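Asker: Dropping a structure here in structure tokens format, bear with me for questions.
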Amino acid sequence: MSQFFYVHPDNPQVRLIKQAVEIIHRGGIVVYPTDSGYALGCQIGDKKALERICQIRQITMDHDFALVCRDLSELSEYANVDNVAFRLIKNNTPGPYTFIFKGTKEVPKRLLNPKKKTIGIRIPNNNIAQALLTELNEPLISTTLIMPDQTMAEYDPEHIRDILERHVEVILNGGYLGEKPTSVIDFSEGDVTVLREGEGDISPFN
């Protein structure tokens, strides 16, 4: 049975965030809110937890996962970022964007797109996600919580508990979240390419 924490969306309780991070460090999977719906996450080097996330979503290990970061300080460690990209991201984060970059050697090979060697990077504008990432002190490897028979992300934490309480270790209830897909911006080939228009304003990237 998973832990189910009611976390204040504006002032996340430090005690609950610390407990969640301890669970992640022990190999647990976390369900947590972002600015684009609920996500599944685990520690970046935890292969077994990532395999379990794949089982929950019924996806393969070559799925395009994202590294969810607290701020720009973690960006250059995991992604090859030039000055133009850095300035654009600095001016538009945190926010509902996924940025695609060529990954660095710090990214485990299993997390990179097998053909393009790319990785998605997120810096979410959500207080609970930010508190979790700050306490963890490293990015979370994450994917949107979309169940196998669904096309939309899960938004109701009580329903998430009903379907996943035996499959994940901790669920952070940050309230109802609507369907808000990220805008996807690709920097991996040098040019700036908008792959998907979502919640994030794409005009700075055109």
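Asker: If a residue must be crowded, with 19+ Cβ neighbours inside 10 Å and either modelled with pLDDT of 95 or more or assigned to a loop (DSSP other than H, G, I, E, B) (or both), how many such residues does region 70-80 contain?
Answerer: Going through region 70-80 one residue at a time, the tally reaches 1.
Asker: Can I ask one more? If a residue has to be among the hydrophobic types (A, V, I, L, M, F, W, C), out of contact with any helix residue (DSSP H, G or I) (no Cβ under 7 Å at 6 or more places or on another chain) and surrounded by fewer than 16 Cβ atoms within 10 Å (Cβ to Cβ) to count, how many in region 54-69 make the cut?
Answerer: Counting residues in region 54-69 that are among the hydrophobic types (A, V, I, L, M, F, W, C), out of contact with any helix residue (DSSP H, G or I) (no Cβ under 7 Å at 6 or more places or on another chain) and surrounded by fewer than 16 Cβ atoms within 10 Å (Cβ to Cβ) gives 1.
Asker: Being modelled with pLDDT of 95 or more, hydrophobic (A, V, I, L, M, F, W, C) and either more than 24 Å from G200 (Cα to Cα) or over 13 Å from the mean Cα position of the chain (by Cα) (or both) is the requirement here; does V170 meet it?
Answerer: yes
Asker: How about region 154-182: which of its residues are surrounded by fewer than 16 Cβ atoms within 10 Å (Cβ to Cβ) and either part of a loop (DSSP other than H, G, I, E, B) or touching a residue at least 24 places away in the same chain (Cβ under 8 Å) (or both)? Working first, answer last.
Answerer: Narrowing region 154-182 to residues surrounded by fewer than 16 Cβ atoms within 10 Å (Cβ to Cβ): 156, 158-159, 162-163, 165-167, 175-176, 178-180.
Of everything in region 154-182, those that are surrounded by fewer than 16 Cβ atoms within 10 Å (Cβ to Cβ) and either part of a loop (DSSP other than H, G, I, E, B) or touching a residue at least 24 places away in the same chain (Cβ under 8 Å) (or both) turn out to be D156, E165, R166, H167, G175, Y176, G178, E179, K180.
Asker: Shifting gears a bit: Does E106 meet the test of being of a type in the set (D, E), out of contact with any Pro (no Cβ under 6 Å at 6 or more places or on another chain) and over 22 Å from P9 (Cβ atoms)?
Answerer: So E106 passes the test.
Asker: So, one more: Counting just the residues of region 87-108 that are surrounded by 15 or more Cβ atoms within 10 Å (Cβ to Cβ), assigned to a helix (DSSP H, G or I) and not β-branched (V, I, T), which one comes out nearest to the chain's Cα centre (by Cα)?
Answerer: Checked region 87-108; the qualifying residue nearest to the chain's Cα centre (by Cα) is N92.
Asker: Could you please find all residues in region 1-27 being within 26 Å of P181 (Cβ to Cβ) and part of a loop (DSSP other than H, G, I, E, B)?
Answerer: Selection gives S2, V7, H8, P9, D10, P12.
Asker: Under 6 Å between Cβ atoms, at least 6 apart or on separate chains: pull out the pairs that start in region 1-20 with a residue that is modelled with pLDDT of 95 or more and end on any residue that is part of a loop (DSSP other than H, G, I, E, B) and not aliphatic (A, V, I, L, M).
Answerer: V7/G174; P9/G174; P9/G175
Asker: Assuming C42 fulfils every condition listed in (1) of a type in the set (A, V, I, L, M, F, W, C); (2) part of a strand (DSSP E or B); (3) under 16 Å from L112 (Cβ atoms) apart from one, which condition is it?
Answerer: (3)
Asker: I'm trying to understand the selection: among the residues of region 109-121, which are under 19 Å from K47 (Cβ atoms) and surrounded by fewer than 20 Cβ atoms within 10 Å (Cβ to Cβ)? Explain how you work it out, then say what you get.
Answerer: Here is the first cut: in region 109-121, the residues under 19 Å from K47 (Cβ atoms) are 109-114, 117, 119-120.
If the condition is that a residue be under 19 Å from K47 (Cβ atoms) and surrounded by fewer than 20 Cβ atoms within 10 Å (Cβ to Cβ), then K109, R110, L112, N113, P114, K117 are the ones that fit.
Asker: Still on this structure, I have one more. Check whether at least one residue in region 75-88 is hydroxyl-bearing (S, T, Y) and within 18 Å of L164 (Cα to Cα), and report yes or no.
Answerer: no
Asker: Exactly one of these conditions fails for R52: (1) assigned to a loop (DSSP other than H, G, I, E, B); (2) farther than 16 Å from P139 by Cα; (3) touching a residue at least 40 places away in the same chain (Cβ under 8 Å). Give me its number.
Answerer: (1)
Asker: Out of region 118-149, which residues are over 15 Å from the mean Cα position of the chain (by Cα) and within 20 Å of S183 (Cα to Cα)?
Answerer: Result: T118, single match.
The values are calculated or read from the model by the stated rules, or taken from the named source; none is laboratory data. On a predicted model such as this, the values are computed, not experimentally measured, just so you know. Neighbour counts run over all protein chains shown; Cβ positions are idealised from the backbone, glycine included.
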